[in-house]
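The values are calculated or read from the model by the stated rules, or taken from the named source; none is laboratory data. Source: prediction; values computed, not measured. Cβ sites come from the backbone with ideal geometry, for glycine too, and all protein chains shown count toward neighbours.
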Amino acid sequence: MLEQNRDFKVIGRSVPRVNGADKVRGKAIFTDDMFLPGMVYGRIKHATVAHGKIKSINFEKALELPGVLAVITGTECPKPFSINNYKPTELPLAVDKVVYFGEGVAAVAAKDEKTAERALDLIEVEYEELPFFLDPREAMGQDEQRIHPWAENNLNYEGNQHFGDVDNSLEHSHAVVENNFYSSYTNCGFLEPQSALADFNPGKGLLTLYTCNQLPHYLQHTLARTLEMPMEKIRVVIPTVGGAFGGKTEATPSMLVASLLSRKIGRPVKITYTRKEVFFQNKSRHPCHMLMKMGFDAKGRITAVDFDNILDGGAHSSWGFVVLWFVAALTHLPYKIPNVRYRGRRIYTNKPSTGAQRCLGGVQVRICVESLLDQGASALGISPCDIRMINAVESGYKTPTVVEVRHAEFKKCLQSVTARSGFREKYGKLPFGRGIGMAGGHYSTGGAFLLYPSYRPHSTANIRIDNESGVTVFIGATNIGQGSNTVICQMAAEMLGVDYRNVHLVCQDTMLAPMDNGTYDSRLTYGAGHAVKNAALDVRAKLFETTSALLGVRKEHLECGDGEIFSVFEPEKRVSFQKAVYQHLSSVGALFGTGEYTPPQPKGDYEGKLIGPSPAFGFTAQVVEIEIDIDTGQIKVLGYWEAGDCGKALNPMAVEGQVHGAISMGLGAALFEEMVMDSNGAMLNPNFHDYKMPTTMDMPEIDSEIVDSYDPTSAFGNKEVGEGPVGPVIPAFLNAVYDAIGVRFTEVPLKPEKILQALGKIKGPGDIPLYVAQGPARCGKEE
Amino acid sequence: MGLPPFNYMAPKTSAELVDMLAEYGDRARVLAGGTDLINWIAEKIVTPEVVIDLNGLKSVQGITYQDGKGLRIGAAVKIEDIERSEIIRAKYFSLYQAAGQIGSPQVRAMASIGGNSCNASPCADTPPPLVTFGASVSLLGPNGRREVLLEDFIRGNRSTAIAPDEFLESFLVPEPWPNSTSRYETIALRAAQEIDVASVAVNVAMDPKNGCIAEARIAMGAVAPKPQRAPKAEAVLLGRQPNDDVIEKAAASCSTECQPIDDLRASATYRRHVVGVLAARLLRQAIAAVS
Amino acid sequence: MKQYIELAINGLSYDVVISPEDLLIDVMRQQLGLTGTKKGCGQGDCGTCTVLIDGKRALACLTLAIACQGRAIETIEGLEDEGRLDTIQEAFVDEGAVQCGFCTPGMIMSAKALLDENPNPTRAEIKRGLAGNLCRCTGYIRIFDAVEEAARRRQAQSGKGGE
């Protein structure tokens, strides 16, 4: 019924968020805002060595402190967990040894936070320190010092892929460029520290966990496995989430510890991390040590990419191989590359573990590809915008990984930013110290598989309609601030012709709402969209059956809009939605609809095939213009342009907000952000004054555009937009710095003193800065 | 995260405060804005038994200027009030600039100028300009008041000449030299909420008869345990025509006269380099403004 | 030593029992049900705990509750008028300045302090006025738009002789 060019009523409009009023009033309830009767507070004691055997834990004095209700150590629950339960290493509390500075070793439940903290001081832990590794390249050569006993050479996972014939292709390439690149150790930086409120009801044997988590379905699985409880006795409820960005995908030890304590004492227990503990938990982007080689033919077409990637996994398995394969998969787009070889190794180190961060895997590979594209362009005498147009994918492209890009408007994005920024007029022509840089990017719109072997639907929506409650959509979807609640209400409202503000949403509750695969990999609007649309079509069909009889009209002629149901051919035949519903309830009975979504099955068969295939891809192109103060090395952003293909923007204001936020995260990584460890393996900056995220005064104005696009495979034409725009930011800056001062950086953050070192104005460590590209491209070999 | 326990007192007069300090000495800490102190207590850098809130005292408030005599600034005056003071902007411009550099609007509303000196962080913004004005602190104790040159009062990282039974009551900033102006600038990574990597304050007077530099004082921040004067640089400038050669020489001298360290925020090498860059820029700005 | 004090918040007087070392943020959130003010870092770096005390900006995570006696505290809960949103609150919703909402209360309180002092700020003054409030979701741009819109609406309202 809904065609591509239909005049949508609420879809595509920049309507205000459904929860906006609550949030501006301070009434939106985040987990730490919750207080249950009888609730007590938990706190966790953290390891003060980077790697060490736990010789003893003495907590008698803590137990004796008045107001303390329980103290537990790792032996309470020595069951390791991870998001995908593949080689899990993380425990609720460490057992036998700790593997990073800040790991939890004991926990306390007490009548208030103050008492809990004082109790922590009374717990005595003795460690036997072990040698530790902070660099994966060191850790991988040391088999005698294993961080995890089964992990030879500290290898978590190795994956290899080879499509086509890379060596032959490179040998016959007209130009070949290569470099070592390093992506930094950044943190998701959500403002709401993780909080877990566990409420074990001993009478029912039911555990309810209120917590800020992106994937309640998998959290429920992790709780069941780790606490050895049946899943139907566990309920996960997600209150308002204060930002997540991938860092709240996994269970935190605090969630398990709060559950254990609650179960032990039969009272609700709340554990809220301090900001320092948030940094200790980390679970953000994988720093990658990458070597990439890229070949071009004489016309500038990419011939091959050879990619070696060492991922720094930190101390635990976390997302593990998923990230490794994501980096591999994201190499294949948004440019056509016929031959690709990838070697990925995820290595353990004694640092807060890495996991998932917005544009997972994409940020790392974009640094390499977008830099090498520019280098190739230089070597071949082609402009950076042209080399990208030459290689950009179009709708219908099939990657060597047998992934079909069913819809793409990437070229429109490139053309748009090139024109608006004046790139051609500026590149190579600005005065020394000023530069302009371009980069492209993309991201998947959900994966083809769940995190465990199963072919069940990825999203299910149920819609209940009656006069007593109006329209209620039940869907597991979790809103983390990106606006999924609003967009789901818009979709249901569009389909049913009601006001989006009157749609009730029961979501992010594993007991009340049907399973949803979760908020990650930018899948939600697309996946939920299909489910909601299908559920709406289902419930409409039932309602129209009755309404057609009521109006004396063929049911195929019926449509909803503005709170009414009417015939499109005889518009005078209409009835209010309320009345139609009443009629249905009276004559047929309860009105329900259900719909689901399962992504298409990918066709490829190769190592790592589970990761990468996606039903749709979003695209983005960005340009940054900078001015470098060549005496102080400081970088000032003069302009920032973006163009994105997100299919149809269901809520353009929300889309723009996502783009701005994504760029601000990328800018922070490009210019300021990195977590730094000291010589004892302790983090030097687990706080917001020395882990420097952009402030209002650091953000440039952004000239962004949503290009005209509509993905026909999508329920409403939409594709991802939340993650892709992070990817191009760092390489746009790297390319702009090259244009400004003729130095190609291969790592971030672009701190002023690195700029001065590269300019030779001050001496850096060592003779040649490690973060600067070595050598010219090989060029000119005949095919 | 809660703070360890302490007692709280809020004296209403200076005499009461002095009595309390006499009793508790270094078991007490004086509270003005709290933006440093509360963090220090939380991190157990200090563990006072008693926190004494001096915001109720009249003598620590107010900015008063007397023509010819100079400025008196109460120690509890908030940084945002320093920034908004017309007289400070008119006559002590670098101090106005320094106040504006501090942290964020919230921190400027809470933090006090007294705390900025007493807490003696090497990166504090208001001490370098005050040092270039020859400012003194007025300390009140059981034996009455004594004045100490700010340059001598701040001894090093978190260390001042204050006695346990004294408190900092006010700053006394002399009348600026005739035909003079001042400038202050910082280097940091982000544009707000930053702890400086390096900063420079200059105070320059020109002789209108011969166009030479009549007076010059330079103080650098975040490149030494305390605000760092640059006497050799000053000597290069005094009595000279302010041409490029003279300014570059003075700036180069600033680079050698500081003692920066390598830390998380920047290397010593970088800090040395940028104080030279800042000194040259600020000297040029100040000289141009006066001439 | 526990003490009984009175705290005046949003025009209401609250009786609380506190210890001298208790921070205003914790007393408000845990004892008084005023959870609108958030605790993002506890160290004064993020601005989510921004409140107004006697009309001046303050970070509740660095303020002792005991030091607030006799002072007028305003939090986000006090902005609305019998459930009707304040102009700044409305502008934030209308201009898409709210995503996850965690920075929002502190951001709005900072915006209020700014507009109360400077009813017609330039964009640069807005950026500076909000520099103590971090946001990780929005990239700030729509927040600046919202404050500009709020300033316009406030001017329009006062132009009509006040509503």
Fill in: Residues (out of contact with any Phe, Trp or Tyr (no Cβ under 7 Å at 6 or more places or on another chain) and in a loop (DSSP other than H, G, I, E, B)) located in the stretch C:5-23
C:ASN10, C:GLY11, C:SER19, C:ASP22
Worksheet item: Taking the stated definitions as given, is A:LEU120 within 14 Å of chain B (Cβ to nearest Cβ), within 28 Å of A:PRO66 (Cα to Cα) and either touching a residue at least 40 places away in the same chain (Cβ under 8 Å) or not acidic (Asp, Glu) (or both)?
Response: yes
Discussion item. Condition (residue is surrounded by fewer than 18 Cβ atoms within 10 Å (Cβ to Cβ), more than 14 Å from chain C (Cβ to nearest Cβ) and free of Cβ contacts under 8 Å to residues at least 60 places away in the same chain) applied to the stretch A:43-62: is it met by at least one residue?
Written reply: yes
Response to the item:
Note on A:VAL575: of the conditions (1) hydrophobic (A, V, I, L, M, F, W, C); (2) in the same structural domain as A:ASP516 (by TED's automatic domain parsing); (3) closer than 30 Å to A:PRO457 by Cβ; (4) touching a helix residue (DSSP H, G or I) at 6+ places or on another chain (Cβ under 7 Å), unmet is (3)
Worksheet item: Across the stretch C:30-76, what is the total count of residues that are within 13 Å of chain A (Cβ to nearest Cβ) and part of a strand (DSSP E or B)?
Response: 4
Worksheet item: Any residue in the stretch A:134-144 that is away from every other protein chain (no Cβ under 14 Å), over 28 Å from A:GLY320 (Cβ atoms) and buried (at least 18 other Cβ atoms within 10 Å of the Cβ)?
Response: no
Discussion item. One residue is enough: does the stretch A:576-583 have a residue meeting the conditions small (Gly, Ala, Ser) and at pLDDT 95 or above?
Written reply: yes
Discussion item. Take residues that are in contact (Cβ under 8 Å) with a residue 12 or more places away in the chain, within 10 Å of another protein chain (Cβ to nearest Cβ) and more than 28 Å from A:VAL655 (Cβ to Cβ) and tell me which of the helices (runs of 4 or more DSSP H) falling wholly in the stretch C:82-163 contain 1 or more.
Written reply: C:104-117
Discussion item. Looking at the stretch A:718-725, can you tell me whether even one residue there is buried (at least 23 other Cβ atoms within 10 Å of the Cβ), touching a residue at least 60 places away in the same chain (Cβ under 8 Å), more than 7 Å from every other protein chain (Cβ to nearest Cβ) and in contact with an Asp or Glu (Cβ under 6 Å, 6 or more places away or on another chain)?
Written reply: yes
Practice prompt. For residues that are crowded, with 16+ Cβ neighbours inside 10 Å and either assigned by TED's automatic domain parsing to the domain that holds A:PRO712 or acidic (Asp, Glu) (or both), tally how many sit in the stretch A:539-568.
Written response: 2
Practice prompt. Sort out which residues of the stretch B:243-291 are free of Cβ contacts under 8 Å to residues at least 60 places away in the same chain and hydroxyl-bearing (Ser, Thr, Tyr), and write them in order of number.
Written response: B:SER253, B:SER255, B:THR256, B:SER267, B:THR269
Item to complete: Tell me, yes or no, whether the stretch A:578-594 has at least one residue that is assigned to a helix (DSSP H, G or I) and of a type in the set (D, E, K, R).
Response: yes
Worksheet entry | Candidates A:ALA439, A:ALA461, A:ALA492, A:ALA536 - the one that is hydrophobic (A, V, I, L, M, F, W, C), crowded, with 24+ Cβ neighbours inside 10 Å and closer than 22 Å to A:PHE326 by Cβ | A:ALA439
Item to complete: Could you tell me which of the residues B:TYR65, B:TYR96 is among the aromatic types (Phe, Trp, Tyr), over 30 Å from A:PRO686 (Cα atoms), without any contact (Cβ under 8 Å) to a residue 60 or more places away in the chain and crowded, with 20+ Cβ neighbours inside 10 Å?
Response: B:TYR96
Item to complete: Output the number of the condition that C:ASP26 fails; it satisfies all remaining conditions of (1) facing another protein chain (nearest Cβ under 10 Å); (2) touching a residue at least 40 places away in the same chain (Cβ under 8 Å); (3) not in a loop (DSSP other than H, G, I, E, B).
Response: (2)
Worksheet item: So which pairs qualify, if the first residue must be in the stretch B:1-21 and over 25 Å from C:GLY44 (Cβ atoms), the second must be part of a helix (DSSP H, G or I), the Cβ gap must be under 7 Å, and the two must be at least 6 apart or on different chains?
Response: B:PRO11/B:LEU17; B:PRO11/B:MET20
Worksheet, complete the sentence: Residue hits (the stretch A:468-515; farther than 26 Å from A:LEU207 by Cβ, more than 14 Å from every other protein chain (Cβ to nearest Cβ) and among the aliphatic types (A, V, I, L, M)) are A:VAL471, A:VAL473, A:ILE488, A:MET491, A:ALA492, A:ALA493, A:MET495, A:LEU496, A:VAL498, A:VAL503
Practice prompt. Answer yes or no as to whether B:VAL60 is buried (at least 19 other Cβ atoms within 10 Å of the Cβ) and within 12 Å of chain C (Cβ to nearest Cβ).
Written response: no
Discussion item. Return the pair list, or none, for Cβ contacts closer than 7 Å from residues in the stretch B:147-169 that are in contact (Cβ under 8 Å) with a residue 12 or more places away in the chain to residues that are of a type in the set (D, E, K, R), at least 6 apart or on different chains.
Written reply: B:GLU151/B:ARG229; B:ILE154/B:LYS226; B:ARG155/B:LYS226; B:GLY156/B:LYS226; B:ALA161/B:ASP152; B:ALA161/B:ARG155; B:PRO164/B:ASP26
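Yes/no matrix, rows are residues, columns are (1) more than 14 Å from chain A (Cβ to nearest Cβ); (2) surrounded by fewer than 18 Cβ atoms within 10 Å (Cβ to Cβ); (3) assigned to a helix (DSSP H, G or I):
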residue: B:ALA205; (1), (2), (3): yes, no, no
residue: B:PRO208; (1), (2), (3): yes, yes, no
residue: B:ILE218; (1), (2), (3): yes, no, no
residue: B:GLU248; (1), (2), (3): no, yes, yes
residue: B:ALA252; (1), (2), (3): no, yes, yes
residue: B:ASP262; (1), (2), (3): no, yes, no
residue: B:ALA279; (1), (2), (3): no, no, yes
residue: B:LEU282; (1), (2), (3): no, no, yes
residue: B:GLN285; (1), (2), (3): yes, yes, yes
Worksheet item: Within the bounds of the stretch A:286-309, is there any residue that is within 14 Å of chain C (Cβ to nearest Cβ) and either surrounded by fewer than 24 Cβ atoms within 10 Å (Cβ to Cβ) or part of a strand (DSSP E or B) (or both)?
Response: no
